[in-house]
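Asks: The structure's right below; bear with me while I get my questions together.
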Amino acid sequence: MVQLLTQPQDQRIVQSNRTWAQFKLIQQGFENSPGVRLFYYDGTLEILMPGREHEVFSGIIALLLGIFFIEKDIEFEPTGSMDQEKTGEAFAQADQSYCIGTSKPIPDLSIEVIVTSGGINKLARYQVLGVPEVWFWEDGVFSLYHLRGNGYRLS
C-alpha cells in the first residue's frame, strides 16, 4: 500500500474585539507551541499555524537572502520569526526578518509568505512597529514595501 503524504494548508484563526491584555494571556498559552505565530493589531488577534508549503517557501527565501547578503558583503543578522512588539498596540512574528548592519529590537526587513488569504492589515501593523521594509511573497511574486513618512510605498 502506498501512503500519500499530504501537505496541510495554513490554519488561521482571527478574532476581533480583543484587548491587549487578552492577547498577552493567549500569548502565554502558546509559549510552548513551536511553529505557532501570533499577531495583534487594532483589537484583532490572529493565530497562524503555517502549513508545509508555507514553511518550505519561507526556508527557501531565507536561504537565498542569506546567500545574497554574503555575496554582496552585507553585514546582517537573520532574526527569523522573532517577536516584534509595540506594547499595547501591535505584535508580529514575521516568517523571516533581518537586521542590516547592527542588531536592533525591530528588524530592518520583515518578510511574509502568503499561502492562504485572510488576516489582519499587515502593513498597518508593521507601520505601528516601525519596520522600514516589508516584503510579501504570494504566488511566486514579491511585493516590496518601504516605509515613507505617512505609510508604505510599493517599490
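Asks: Does a label point 7 Å from the Cα of residue 20, set along Cα-to-beta-carbon, have any residues of segment 45-61 with amide nitrogen under 13 Å, and which are they?
Replies: The answer is none.
Asks: Hey, another quick one. Give me the one-decimal Kirkwood hydrodynamic radius in Å for segment 36-114, with the sum taken over alpha-carbon pairs.
Replies: Taking every pair of different Cα atoms in segment 36-114, averaging 1/r and inverting gives 13.4 Å.
Asks: Take a quick pass over the chain and tell me how many lysine pairs come in under 22 angstrom between Cα atoms, counting only ones 8 or more apart or on separate chains.
Replies: Total qualifying Lys-Lys pairs in the chain comes to 6.
Asks: So what's the net charge close to residue 92: Lys and Arg +1, Asp and Glu -1, counting the other residues with Cβ under 13 Å from its Cβ? Intermediate results must be reported in sequence, preceding the final value.
Replies: Details: positive: 37, 86, 122, 125; negative: 42, 46, 83, 85, 89, 95, 112.
Residues close to residue 92 contribute a combined charge of -3.
Asks: What does the net charge come to around residue 41 if you take all other residues with beta carbon closer than 9 Å to its beta carbon, with K and R at +1 and D and E at -1?
Replies: Around residue 41, the surrounding residues sum to -1.
Asks: Which helices, counted as full DSSP H runs in the chain, have an axial Cα extent of no less than 20 Å and a Kyte-Doolittle average of 1.0 or above?
Replies: 52-71
Asks: Taking Rg/Rh (Cα atoms, Kirkwood Rh) as the quantity of interest, determine which of (1) 0.95; (2) 1.07; (3) 0.98 was computed from the displayed structure.
Replies: The value computed from this structure is option (3).
Here, each number is a calculation from the coordinates, and none is a lab measurement. Only a predicted model underlies this, so the values are computations on that prediction, with no experimental measurement involved. Reconstructed Cβ throughout: ideal geometry from the backbone, glycine too, with neighbour counts over all protein chains shown.
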